[in-house]
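The values are calculated or read from the model by the stated rules, or taken from the named source; none is laboratory data. Everything numeric in this text was worked out from a predicted model, so none of it was measured. Here Cβ is always computed from backbone atoms with ideal geometry, including for glycine, and neighbour counts include all displayed protein chains. Please note that ligands, DNA and RNA were not included when accessible areas were found on the heavy atoms of the full protein model with its side chains. Shrake-Rupley method; radii C 1.70, N 1.55, O 1.52, S 1.80 Å.
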Amino acid sequence: MNDTPAANALEFQHTRKEGVHRTWFRGAHTNFTPDRAGMATPDAARRWVVDGWQPEQPMITPETRITAFGSCFAANISNWLAARNYSVLTRDEGSNAYVVKCGEGMVNSFVIRQQFEWAFEGARFEEELWHGYSAESYGYDEEVRRQTQEIFARTDLFILTFGLSEVWYDEVSGGVFWRSIPQDVYDPSRHKFRVTTVEENKANIRAIHDLIRRHRPEARIICTLSPVPLIATFRPVSCISANAVSKSVLRVAIDELMRELGPEASGDGVLHYWPSYEIVTDVFHSPFKGDRRHLPKAVLDYIMMLFEQVWCERQPSEDEMRRHWLAALSAAGLVSDRLETAIREADSGKVARVLAKRRIARHPEMEAGIRAEVERLAETLRA
């Protein structure tokens, strides 16, 4: 074998002919971003966003016992599944467990980890780190811990929604608070604010994963990132840019851990990811209400319906998916704002009036695809 530099040099073809392009090596997995026309059909989000994150087979049945908590987006999943008669343990209003009473207020990975360490292994924390919505203290009551442990021990599927990477913490003990510190106990000498790192959040999610595997080895985990942005930041920068960093830290932490875990994090493995964040920010762009934080009901309903289609054995119909897709596009301002009302009222006359408009979609590239879907909807309503 000749090891000279000339012998090992790669021979590239060169051309200067106008209009001629050589093909680049693209690897075994090359997924392109869609153009606007490709985003016009009801399967667009599943095809272009969910692809690669869905299980080989739906894993949720009416008998699957689900525990969902974390940021407020976890409550949306809980409410949807409970309304569809799935078994959601964190909907038990008779329980005093904090994951039931304040489950959608646990917005960072530290507090979610604390709940598992406390429930499964009896961990205690030096300072009062847990406070309810009115700044009331949530202590480390043994009966509440027992109720939390009982919920976790019965759970077949954990749905954990991470919200932000900005935290307040106690500099003396190192403990991280659920949210900021109540005004009447704030001590500037020990209570500090910081932006946590990718490494810290990845370590927290890994610890949560390991605790579940140790104490509930048959259970599975779906991680998701809340699309709801920060209402405020404590950093001396704009809230919008701080939010971009906060979400990015968490998204990278989840992705790095799943890649490190390898095959376990795909197919029928233990740890999964649901891309609600990407669906909101890229499929619907900026669909929020006037407060720029909360989603219209139609957009939420579509994301939940898509979740059901991907994860649940009991599948929504093609017509249900189309209705929810078009209503969500309408609520997000990407399609005629009259269409959502027509769909909600199942009024074929109103749908016909939308079709009579010269233009339905905001973007001309989506017009043909959207119009075809609305025509199918009209046929269904007429039938």
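Can you find even one residue in the stretch 318-339 that is open to solvent by less than 30 Å² (accessible area, probe 1.4 Å), touching a Ser or Thr at 6+ places or on another chain (Cβ under 7 Å) and of a type in the set (A, V, I, L, M)?
Within the stretch 318-339 (the criterion being open to solvent by less than 30 Å² (accessible area, probe 1.4 Å), touching a Ser or Thr at 6+ places or on another chain (Cβ under 7 Å) and of a type in the set (A, V, I, L, M)), the answer is yes, since at least one residue qualifies.
For the stretch 101-121, enumerate the residues that are open to solvent by 10 Å² or more (accessible area, probe 1.4 Å) and either at pLDDT 95 or above or of a type in the set (Lys, Arg) (or both).
Once the filter is applied, which keeps residues that are open to solvent by 10 Å² or more (accessible area, probe 1.4 Å) and either at pLDDT 95 or above or of a type in the set (Lys, Arg) (or both), the stretch 101-121 yields LYS101, PHE110, ARG113, GLN114, GLU117, PHE120, GLU121.
Has the stretch 84-100 got any residue that is assigned to a strand (DSSP E or B) and over 27 Å from ASN201 (Cβ atoms)?
Yes, the conditions are met somewhere in the stretch 84-100.
Name the residue that is nearest to PHE193 (Cα to Cα), counting only residues in the stretch 122-165 that are open to solvent by less than 50 Å² (accessible area, probe 1.4 Å) and among the acidic types (Asp, Glu).
Ranking the candidates gives GLU127 first.
Is it true that GLY262 is part of a helix (DSSP H, G or I), free of Cβ contacts under 8 Å to residues at least 12 places away in the same chain and on the phi > 0 side of the Ramachandran plot?
So GLY262 fits the description; yes.
Residue check: is PHE284 over 20 Å from LEU157 (Cβ atoms), among the hydrophobic types (A, V, I, L, M, F, W, C) and open to solvent by 20 Å² or more (accessible area, probe 1.4 Å)?
No.
Taking the stretch 208-241 on its own, how many of its residues are open to solvent by 70 Å² or more (accessible area, probe 1.4 Å) and part of a loop (DSSP other than H, G, I, E, B)?
5
Let's see how each residue does on (1) under 22 Å from VAL228 (Cα atoms); (2) polar (S, T, N, Q); (3) modelled with pLDDT of 95 or more; (4) touching a Phe, Trp or Tyr at 6+ places or on another chain (Cβ under 7 Å):
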| residue | (1), (2), (3), (4) |
| --- | --- |
| GLY290 | yes, no, no, no |
| HIS294 | yes, no, no, yes |
| TYR302 | yes, no, yes, yes |
| ARG322 | no, no, yes, no |
| TRP325 | yes, no, yes, yes |
| LEU329 | yes, no, yes, no |
| LEU339 | no, no, yes, no |
| GLY369 | no, no, yes, no |
| LEU381 | no, no, no, no |
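Among residues belonging to the stretch 176-191 that are more than 17 Å from SER246 (Cβ to Cβ) and outside any helix (DSSP H, G or I), point out the one that is most open to solvent (accessible area, probe 1.4 Å).
Of everything passing the filter in the stretch 176-191, TYR186 is most open to solvent (accessible area, probe 1.4 Å).
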